[in-house]
Each structure stands twice: as C-alpha cells, then as structure tokens.
Amino acid sequence: MTKKVFLNLGKQPVTNSYLKNLDNLDKEYFYNLKVTYNDKNNLVSLKNFVKPTMMFNSKYAHRASSSKTMQSHFKELSKECKKKIKNINCLEIGSNDGVFIKNFSKKNTIAVEPCSNLANLTNDMGYITYPVFWNQKISNKILNKHGKRNLIFSANTMSHIEDLDEVFTSIKKLLDKDGVFIFEDPYILSVLQTNSYDQFYDEHAHLFSYLSITNLIKKFELRVFDVKILNVHGGSIRFYICHNDGKYKKKRSVSRILNIELKNKINKFQTYKNFANKIRRSKKKLLKILKDIKKSKKLIVGYGATYKSSTIYNYCNINSKLIDYIVDTTKNKQNKFTPGSHIKILSPIKGLHKEIKYIFLAAWNFKKEIINKEINFLKEGGCFITHVPYPRTITLKNVRKEIS
Ligand code: TYD
C-alpha cells in the first residue's frame with residue numbers, strides 16, 4: 001500500500017458548521033479524521049474526504065480580511081507580483097472576501113469562489129467572480145471567454161481540493177506561456193516541527209511539501225522555480241510554478257528547501273509515526289493544564305473560534321466544562337456554538353472582561369498580533385495557554401521570548 005495512516009484524530013465535525021442552537025444535536029455530521037502519508041509521492045492527506053459542498057457553501061464563515069496580518073501579507077505579495085509580471089491579467093482561485101484581488105485592477109482580474117456569500121462580496125466590489133468550485137469546466141470557460149492568464153494565484157485553497165490532477169491539468173491549459181502560478185498553503189514541515197496537529201481538519205485535504213508538489217506537477221510539464229517559507233497560518237509554503245519551458249530561472253531557494261526537507265526526513269514514514277506519538281503526549285499535557293486551572297473554578301476563555309481549534313476540542317474531548325466560551329471578532333460566528341464541542345462564541349466586547357484570567361490561544365497563528373493587542377490582560381495578571389509547539393502557559397514574566 002502506498003498510502004498509510006499515521007494519525008487518528010477521532011470523530012470530527014465539519015469545522016465550518018457552527019450551530020445556531022443546541023437543538024437536534026443527533027443530526028450533527030461527524031467523520032473519522034485519519035491522516036495518511038503516501039510514500040510514492042510524499043503527499044500527506046486525509047484518509048476520508050468530506051464532501052466539498054458540506055464545507056464550502058453560502059454559509060462560509062471565514063473572512064480572510066479579518067486579520068491585519070493577512071491584509072498586509074497579501075498587499076506585499078501583490079507588490080511583488082507587479083514587479084515580476086508586466087501587464088498582469090490575474091485569476092484567483094478561492095478569492096474569499098477579496099483580500100488579495102483588491103490590490104489589482106478590476107478590469108484584468110477574474111476570481112473563482114465556490115462560497116456564494118463570498119463571491120457576492122467580490123462581485124459587488126466590481127471583480128468578476130464565478131461562484132463555482134475550481135475544475136476543468138470553469139477553467140475552459142475562462143479560457144474561452146477571457147483568454148490565458150499570466151498570473152494565477154491561490155491561497156489556502158489548493159490544499160482543500162481532493163483531486164489535484166484535475167487542478168494541475170486545468171492550470172496547465174490556462175497559464176500563459178511565460179505565466180506564473182503562485183500558491184500558498186500550510187506547510188507540512190511546520191506542522192511536524194511545531195506539533196500543530198490542528199492543521200489537520202476537513203478542509204485541509206492535503207498538506208504540502210516541496211517534495212510532494214514537485215512529484216505531483218512533473219507529469220504536467222510544470223516546474224517549481226522559486227519557493228518561500230512563510231510565517232502566516234502557523235507556517236506556510238509558497239510555490240512559484242511555471243511551464244517547463246517557461247522563462248523563469250530556478251532560484252537557489254529550491255535546492256535549499258529540498259535539502260531542509262530531506263534533512264528533516266519528511267520522506268520517511270517513521271517521521272510521521274514519531275509525530276503521532278508526540279501528539280498523543282500533547283493532548284494529555286494540554287488537558288492537564290486546563291483541568292488544573294478548572295480545579296480552582298476559574299473561567300477559561302478560548303481566543304478565536306478557529307477551524308483549527310475544532311480539531312483540538314474534538315480530539316481532546318474539550319467542551320464548555322473546560323473552555324467556558326470563546327471570543328471571536330467575526331460577526332457571523334458570534335452567538336453560535338462550535339461544531340462537535342458546542343462551546344458558545346461571543347464577541348470580544350462581551351466576553352473579555354476583568355474577571356478573565358485564563359485565555360486559551362486557539363488562534364495561536366496570530367500569537368504576536370493577539371498578545372500585543374491584549375498586553376494589558378497580561379499586565380493585570382492574566383495568562384495565555386497555548387499548545388504550540390508544546391502545551392504551556394504564557395504570562396507577563398515569559399512573554400518577551402514568546403513574541404520576539
Ligand atoms: P484563522 O487564523 O483563519 O484560523 P482557521 O483557519 O483555523 O480558522 O482564524 C482566526 C480566527 O480568529 C478568526 O475567526 C478571527 C479570529 N481572531 C480574533 O477574534 N481576534 C483577533 O485578534 C485575531 C487576529 C483573530
């Protein structure tokens with residue numbers, strides 16, 4: 001067998017299915033979250049994929065623009081693209097609320113976004129947005145109607161698509177002769193190095209490495225000419241891809257990343273088995289910290305109703321007995337309950353008050369941004385709890401080294 005399971009994270013709900021109330025819980029959908037490694041192409045994937053329409057639909061809650069970090073991240077990238085490519089005609093696959101495309105001209109930009117609530121947003125902004133899933137059909141339609149693209153971009157979307165052959169077949173056809181396909185997604189090596197097992201959830205059908213992407217694109221006569229490791233989303237990787245005969249020269253970053261991946265043995269099944277052992281220990285440690293705090297009857301508040309934390313809560317059996325409630329700035333998550341774990345979500349204005357002394361950093365990927373924003377909480381004796389890279393507490397005493 002080429003695909004082997006190395007991690008079992010148990011029964012999990014659809015991360016985006018926040019509940020309006022706790023009636024009809026028997027109807028809640030769960031699937032088995034198991035993670036596999038494919039020793040033929042080095043790709044890490046879920047064993048069971050959730051039906052795309054169950055995850056990506058008109059109720060999609062996540063707004064990429066809700067973080068300042070992400071806004072400036074995409075602004076920076078758009079500047080880089082404008083330097084690299086003349087007369088850009090851009091296509092974004094999975095445009096969310098327009099956080100990337102808003103940096104480009106409306107005339108030469110096209111977007112594809114299957115969540116119709118989000119597609120409506122960018123259509124209203126003036127960007128042609130097709131409210132469909134990415135596949136060869138929409139790719140052919142764009143090719144016939146708008147022509148080839150010299151920039152195809154996608155952030156946190158490629159990893160959501162089960163059939164990657166379909167993706168690369170369509171990209172191959174739609175990409176201009178000297179065009180660039182740039183995409184970024186969470187990076188498997190960061191997951192391994194930071195024990196962030198919460199990067200595994202329904203939407204993350206795959207977690208990529210340079211090795212796996214190179215193996216996948218070979219047969220489409222595409223190649224990676226540059227690659228970057230990014231801090232966003234808890235550690236991401238960005239690929240710059242062109243046709244085999246495209247004009248771009250291979251950058252030194254490519255062999256550098258390959259060496260790093262081989263040194264870290266991401267092509268060995270044993271590495272994934274070792275990771276799974278660490279995750280079982282991480283679960284025990286986190287539960288001990290939370291339960292010890294609860295002995296003194298103190299409130300614990302979750303910071304960010306993230307998709308990632310859904311994996312933690314459901315894998316560690318954390319419910320409102322351990323995390324009293326969660327705060328999140330996203331309006332359409334507020335006053336709902338988290339899937340599976342059924343913890344109430346409040347606005348920060350309602351949920352963060354002087355009595356709160358313990359906050360679980362569910363949005364740990366924004367650790368710096370959140371700690372800087374909530375520095376007074378620490379100054380007044382508050383304490384953050386995090387599980388990345390290992391479960392521990394963050395207080396005013398040790399905060400400096402956490403955010404340096
Ligand atoms: P995100 O990082 O996209 O994680 P995931 O992909 O796992 O959902 O989500 C971050 C969530 O945290 C999002 O719902 C917004 C919320 N958030 C706050 O409530 N306050 C903040 O200061 C930040 C940075 C994020």
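The values are calculated or read from the model by the stated rules, or taken from the named source; none is laboratory data. Note that the coordinates shown come from a computational prediction; the quantities given were computed from them, not determined experimentally. Methodologically, a virtual Cβ is constructed for each residue, glycine included, from the backbone with ideal geometry; neighbour enumeration extends over all protein chains shown.
Points worth noting:
- Residue in the range 95-111 that is over 18 Å from His204 (Cα atoms), surrounded by 14 or more Cβ atoms within 10 Å (Cβ to Cβ), within 20 Å of the chain's Cα centre (by Cα) and free of Cβ contacts under 8 Å to residues at least 24 places away in the same chain present: yes
- Total residues in the range 373-404, condition at pLDDT 95 or above and among the small types (Gly, Ala, Ser): 2
- In summary, Thr330 fulfils each of the numbered conditions (1) away from the ligand (no atom under 16 Å from the Cβ); (2) touching a strand residue (DSSP E or B) at 6+ places or on another chain (Cβ under 9 Å); (3) under 23 Å from Ile349 (Cα atoms) with the single exception of condition (1).
- Residue in the range 300-336 that is farthest from Ser58 (Cα to Cα), counting only those that are out of contact with any Pro (no Cβ under 7 Å at 6 or more places or on another chain) and assigned to a strand (DSSP E or B): Ile300
- Of all residues in the range 181-232, those satisfying the criterion of being touching a Pro at 6+ places or on another chain (Cβ under 7 Å) and buried (at least 21 other Cβ atoms within 10 Å of the Cβ) are Gln199, His204, Leu207.
- Ser347 falls short on exactly one of the conditions (1) away from the ligand (no atom under 14 Å from the Cβ); (2) surrounded by fewer than 18 Cβ atoms within 10 Å (Cβ to Cβ), and that condition is (1).
- Residues of the range 65-88 satisfying the condition of being in contact (Cβ under 8 Å) with a residue 12 or more places away in the chain and within 16 Å of the ligand (Cβ to nearest atom): Ser65, Ser66, Ser67, Lys68, Thr69, Met70, Gln71, His73, Phe74
- The residues of the range 23-52 that are within 16 Å of the ligand (Cβ to nearest atom) and part of a loop (DSSP other than H, G, I, E, B) amount to a single one, Val50.
- Long-range neighbours under 9 Å by Cβ, at least six apart or interchain, first residue among the aliphatic types (A, V, I, L, M) within the range 233-248, second assigned to a loop (DSSP other than H, G, I, E, B): Ile237/Ser209
- Any pair with Cβ under 7 angstrom, 6 or more apart, that starts in the range 164-177 at a residue that is in the same structural domain as Gln136 (by TED's automatic domain parsing) and ends at one that is of a type in the set (Val, Ile, Thr): Val167/Ile161; Phe168/Ile217; Ile171/Ile152; Leu174/Ile142; Leu174/Ile152; Leu175/Ile152
- Unique match (being at pLDDT below 95, surrounded by fewer than 21 Cβ atoms within 10 Å (Cβ to Cβ) and not assigned by TED's automatic domain parsing to the domain that holds Lys177) among Lys297, Lys291, Lys278, Lys285: Lys297
- Just one of the numbered conditions (1) modelled with pLDDT of 95 or more; (2) among the aliphatic types (A, V, I, L, M); (3) in a helix (DSSP H, G or I) is not true of Ile370: (1).
- Residue that is in a helix (DSSP H, G or I), away from the ligand (no atom under 15 Å from the Cβ) and within 23 Å of the chain's Cα centre (by Cα), where the choices are Lys288, Lys283: Lys283
- Qualifying residue in the range 236-246 (condition: surrounded by 16 or more Cβ atoms within 10 Å (Cβ to Cβ), within 14 Å of the ligand (Cβ to nearest atom), outside any helix (DSSP H, G or I) and not assigned by TED's automatic domain parsing to the domain that holds Phe30): yes
- For the range 53-64, residues that are surrounded by fewer than 16 Cβ atoms within 10 Å (Cβ to Cβ) and either in a helix (DSSP H, G or I) or within 11 Å of the ligand (Cβ to nearest atom) (or both) total 2.
- Tyr272 being part of a helix (DSSP H, G or I) and under 21 Å from the mean Cα position of the chain (by Cα): yes
- Filtered by the rule that a residue be among the aromatic types (Phe, Trp, Tyr) and either part of a helix (DSSP H, G or I) or within 21 Å of Lys379 (Cβ to Cβ) (or both), the range 337-364 gives Tyr358, Phe360, Trp364.
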